[in-house]
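Everything on this sheet refers to the single structure shown next.
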Amino acid sequence: DPVSAGQLSAHLGNLLVLGDGEQNAGGLDYAQAEARSRQMLLTVRRFFERLAQSRPLVLVIEDLQWLDESSAILLEHLLPLCEQVPLLLCGLSRPEPEGPAAAIRSKAARRFQDRYTEIPLTGLSPPDSARLAGNLLGARELPPRLEQLIFDKSEGNPLFLEELIRV
């Protein structure tokens, strides 16, 4: 059902407890909490739906491996929007086989096969790791033992490698 910008703002303001926060503080029974949770999901979904209706929208969610349960529920609630409006959900996570990110990936791959793409990233090779380390250190060549140590410690992860060099 269509929702005006004013209604959407009022719902978001209520959810964010703008103004006098005392009226929303604690004391919710289970039914009230469930109703508020449903309203929050609907409001956030409508918010992103309206944004995507006005122009294509990309939502990037980083570190999905640390996703909490309520955020996972919200993200799962947003997935069907990708079929209705020009919305791209891009989730970034470590390739862990268990946990919230794996569950979201699995559900998205099953329910939205024609829209789901997973792009696994591999680590740098030993020569590429050595080249990056050399560039970061301003050295044309590193001793082979140091190259191997850097590769072993960073496991080919360029971000870890950069942190190693900074230490």
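The values are calculated or read from the model by the stated rules, or taken from the named source; none is laboratory data. All of these numbers come straight from a predicted model, not from anything done at the bench. Cβ sites come from the backbone with ideal geometry, for glycine too, and all protein chains shown count toward neighbours. What goes into the accessible areas is simple: the full protein's heavy atoms, side chains included, and nothing from ligands, DNA or RNA. Shrake-Rupley method; radii C 1.70, N 1.55, O 1.52, S 1.80 Å.
I'd like the full set of residues that are at pLDDT below 90 and farther than 21 Å from I73 by Cβ, limited to the range 98-121.
Matches in the range 98-121: P120, L121.
List the residue pairs whose Cβ atoms are under 8 Å apart, where the first residue sits in the range 119-137 and is open to solvent by 60 Å² or more (accessible area, probe 1.4 Å), the second is among the hydrophobic types (A, V, I, L, M, F, W, C), and the two are 6 or more positions apart or on different chains.
Partner pairs satisfying both residue conditions: P126/F151; L136/L161; L136/I165; L137/I165.
Where the second residue is of a type outside the set (F, W, Y) and part of a strand (DSSP E or B) and the first is closer than 18 Å to P86 by Cβ and lies in the range 40-68, which pairs have Cβ atoms under 6 Å and are six or more apart or on separate chains?
Pairs found: L51/L57; A52/L87; L57/L87; V58/L88; L59/L89; V60/C90; I61/G91.
Would you confirm, using the coordinates I've provided, whether L78 is within 28 Å of L51 (Cβ to Cβ) and free of Cβ contacts under 8 Å to residues at least 40 places away in the same chain? Reasoning before the result, please.
Details: within 28 Å of L51 (Cβ to Cβ): yes; free of Cβ contacts under 8 Å to residues at least 40 places away in the same chain: yes.
In short, yes.
Could you check, for the range 44-57, whether at least one of its residues is in a loop (DSSP other than H, G, I, E, B) and either in contact with a helix residue (DSSP H, G or I) (Cβ under 7 Å, 6 or more places away or on another chain) or modelled with pLDDT of 70 or more (or both)?
The answer is yes, given that some residue of the range 44-57 is in a loop (DSSP other than H, G, I, E, B) and either in contact with a helix residue (DSSP H, G or I) (Cβ under 7 Å, 6 or more places away or on another chain) or modelled with pLDDT of 70 or more (or both).
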